[in-house]
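Worksheet: one structure, shown below.
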Ligand SMILES: [Mg+2]
C-alpha cells in the first residue's frame, strides 16, 4: 500500500508576467511548499504533466493560449483533472469569475493581490487536495485485506497492458483462489474465513515491491507482475503457495489451508487483444489447477511456435 506523499506540496504558477513569478518566489519562500513556475501556457501544461502539482495558480490573460484554455486542457486530462486550480486575474470581471468557476477552478484571486490572502487560499486548496487524494486512495483499497481492490486492479492492468504493448518487458498475471473456501466458512464461521483472507493477503503483499496484489473479489486474488515472464511468475506463485500452506490456524490445530494459482504470461498468449484476455487465460489456468487437485500452479498454454 503506498502512503500519501510526505514531501512538500508542489505549487505550479502559470503566468506570463515575470514580475508575478518574482513576487511569488520572494513572498512564498518560507512557506512549506515547493514552488514551480512557467511563463507560457504550453510550457505550464508540460510542467503540470511531469510534476503533477498539488495546486496550480493560473493567469487568465496570456498570449496565445489563455488561462481558460489551459484549464480546459487540464480538466480533459485524467491525470490532472483533480488538481485544484486557483485563477489569478487582473480583469476580474464578474463574467470571468463565473466562467472560471464553471470550468472547474476552485478559487479566484484578483491582481494585484495580497500575498497573505493568496497564501490562505493556497493552504485551503491544499487541504481540499489532501482530502481528495485520501478519498481517491480509499476508494481503491479493499477494506478487509488492505490490498488494492477490483476497481484498481482493472485500471492498473489496463495501464500495464498498454505499457507492455509500447515497451515489451514482460507482463504476467497470477490469479489465486483459496481452496474449499465455502466449506471453511460453513465449518469454521465467517470470522475465520476473514482471517484466512487476511493471512493470504499478507503473504501476497510480502512479495517483490514491483508486484501488485489485488483482491479480485470474494476469495479470489489477482497479482499483476510487471517486467516478469512466465518462468519467473511460476517462482513467485510457488513462494506464495508454499508460504500459505505452512500457516497455522488458531482454533484449528493441524488444519492445512491451501490456495490454487493460475498464471498467464502475455508474451505467450497469441492474439491477446486486451487486458481481459490475460484475466480469462489466467482464470482458465486457475480452473485447471482446481480440477487437477488444488494447492497447485497451472499456466495458460503457451502458443509459442515449437522449436
Ligand atoms: Mg497575464
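Figures for the structure shown
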read-out	value
The stretch 218-279: relative contact order in percent, alpha carbon pairs under 8 Å with at least 6 residues between	28 percent
The stretch 150-299 - percent relative contact order, Cα under 8 Å, separation 6 or more	30 percent
Average Cα contact separation per residue, the chain, under 8 Å, 6 or more apart, as relative contact order %	13 percent
Estimated FRET transfer efficiency when R0 is 35 angstrom, pair residue 209-residue 103 (beta carbons, to 0.05)	0.35
Full-extension gain in nm, residue 169 to residue 119, via 0.36 nm per residue minus C-alpha separation	13.5 nm
Pairwise FRET efficiency - residue 255 versus residue 7, Cβ, R0 = 41 Å, nearest 0.05	0.35
Radius of gyration, Dmax [the stretch 92-237; alpha carbons; angstrom]	22.8, 72
Shape parameters for the stretch 5-100, alpha-carbon atoms, Rg then Dmax in Å	12.9, 38
Cβ-Cβ FRET estimate between residue 40 and residue 132, R0 fixed at 25 Å, reported to 0.05	0.35
Whole-number Å³ per residue for the convex hull built on Cα positions in the stretch 127-181	111 Å³
Using distinct alpha-carbon pairs, which all enter the 1/r mean, Kirkwood radius of the chain in Å	22.5 Å
Residue 162 paired with residue 76, simple spin-label distance in nm, labels 7 Å along Cα-to-beta-carbon	1.6 nm
Helix-derived mean residue ellipticity, 222 nm - over the chain, DSSP H n ≥ 4, -39500 (n - 2.57), to 500	-14500 deg cm²/dmol
Between 0 and 90°, nearest 10: helix 115-138 axis offset from the chain longest Cα axis	20 degrees
For a label point 7 Å along the Cα-to-beta-carbon line of residue 155, residues of the stretch 68-84 with backbone N under 19 Å	74-84
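Laboratory data are not the source of any read-out in this text; all were calculated from the coordinates shown. Source: prediction; values computed, not measured. Positions of Cβ are generated from backbone atoms using ideal geometry, with glycine treated the same way; all protein chains shown enter the neighbour counts.
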